[in-house]
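The values are calculated or read from the model by the stated rules, or taken from the named source; none is laboratory data. For clarity, every value in this text was computed on a predicted model and none was experimentally measured. Every residue, glycine as well, gets a Cβ built from its backbone with ideal geometry; the counts of neighbours run over all protein chains shown. Each accessible area value is taken on the protein alone, full model and side chains, heavy atoms only, with ligands, DNA and RNA left out. Shrake-Rupley method; radii C 1.70, N 1.55, O 1.52, S 1.80 Å.
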Amino acid sequence: MSKTIYIVLTETGSVLSRAIQVYTQENFNHISIAFDPELKEMYSFGRKHENNPLIGGFVQEDAQSKLLREANCAIYQLTVSNTQYEKLRMEIAYFKQYKNKFKYNFIGLFCVAFRIRLKRDYAFFCSQFIAFLFLRAGISIDLCPYFIKPTDFQYIQGIKLCYKGKLTTYRTQSIQHMPIASIIKIA
């Protein structure tokens, strides 16, 4: 048997988002993992407080928050084995339990720009965190987690685009009983 997880790429238009975009030259500069198509259970490393981009760490994100609801996004689905799914869930449970130990890896962002491999205990940036989860769960990414960008995940074997557009539009669609093909929208 298998399970489906969701990879959510976003671009919020915030100052930090635009700064990262200048460096990466990519449309999307943030990544989250979700365990349901409604994105009610979505995790990443990002802002702990919506109005302060400088205090970050492990967060359960709210797709209806002011920051995210108007974000441009690309939502992908990936089928994983039951074992991989359970390992992902166990890792998330660990991060939830010890969330106050973890910090956002701002230094790591600069290291990516200069291709410097720096391991910091209890510190991740968003794509580094998702890469860490994938590696721990045995999901092949074929890229170094220290240098991975959010958009690199769209090339993982077996990943499928299921939506591209405004996150608020995705959230307002009644997707629970729709076949995935009927919610595809390419902006």
Q.
Could you check the stretch 1-38 and list, in sequence order, the residues that are more than 21 Å from GLN97 (Cβ to Cβ), part of a loop (DSSP other than H, G, I, E, B) and either modelled with pLDDT of 95 or more or open to solvent by 30 Å² or more (accessible area, probe 1.4 Å) (or both)?
A. MET1, THR12, GLN25, GLU26, ASN27, PRO37, GLU38
Q) Right, ASN72: surrounded by fewer than 18 Cβ atoms within 10 Å (Cβ to Cβ) and modelled with pLDDT under 90 or not? A) no
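Residues are listed down the side, and each one gets a yes or a no for (1) modelled with pLDDT of 95 or more; (2) on the phi > 0 side of the Ramachandran plot; (3) out of contact with any helix residue (DSSP H, G or I) (no Cβ under 7 Å at 6 or more places or on another chain):
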| residue | (1), (2), (3) |
| --- | --- |
| LYS101 | yes, no, yes |
| TYR104 | no, no, yes |
| VAL112 | no, no, yes |
| LYS119 | no, no, yes |
| PHE125 | no, no, no |
| TYR155 | no, no, yes |
| THR169 | no, no, yes |
Q: Residues being part of a loop (DSSP other than H, G, I, E, B) and either under 17 Å from ARG117 (Cβ atoms) or open to solvent by 50 Å² or more (accessible area, probe 1.4 Å) (or both): count how many of those fall in the stretch 139-156.
A: 10
Q: Report whether or not TYR104 is closer than 16 Å to SER44 by Cβ, touching a Lys or Arg at 6+ places or on another chain (Cβ under 9 Å), open to solvent by less than 70 Å² (accessible area, probe 1.4 Å) and not aliphatic (A, V, I, L, M).
A: yes
**Q.** Matching residues, the stretch 77-95, being in contact with a Phe, Trp or Tyr (Cβ under 7 Å, 6 or more places away or on another chain) and either open to solvent by 10 Å² or more (accessible area, probe 1.4 Å) or among the polar types (S, T, N, Q) (or both)
**A.** GLN77
Q. Does GLN60 fit the bill of being touching a strand residue (DSSP E or B) at 6+ places or on another chain (Cβ under 6 Å), under 20 Å from ASN27 (Cα atoms) and outside any helix (DSSP H, G or I)?
A. no
Q.
Looking only at the stretch 39-57, filter to residues that are in a strand (DSSP E or B) and open to solvent by 70 Å² or more (accessible area, probe 1.4 Å); which one of those is nearest to ILE7 (Cα to Cα)?
A. LYS48
Q) Do the conditions hold for LEU133, that is, is it within 23 Å of PRO53 (Cβ to Cβ), open to solvent by less than 70 Å² (accessible area, probe 1.4 Å) and either free of Cβ contacts under 8 Å to residues at least 24 places away in the same chain or of a type in the set (A, V, I, L, M, F, W, C) (or both)? A) yes
Q.
Can you confirm whether PHE125 is under 23 Å from LEU54 (Cα atoms) and surrounded by 14 or more Cβ atoms within 10 Å (Cβ to Cβ)?
A. yes
Q: Quick one: in the stretch 110-122, of everything that is assigned to a loop (DSSP other than H, G, I, E, B) and not basic (Lys, Arg), which residue is least open to solvent (accessible area, probe 1.4 Å)?
A: LEU118
Q) Where residues in the stretch 63-109 are in a helix (DSSP H, G or I) and touching a Leu at 6+ places or on another chain (Cβ under 7 Å), which of them is farthest from ILE33 (Cα to Cα)? A) ILE107
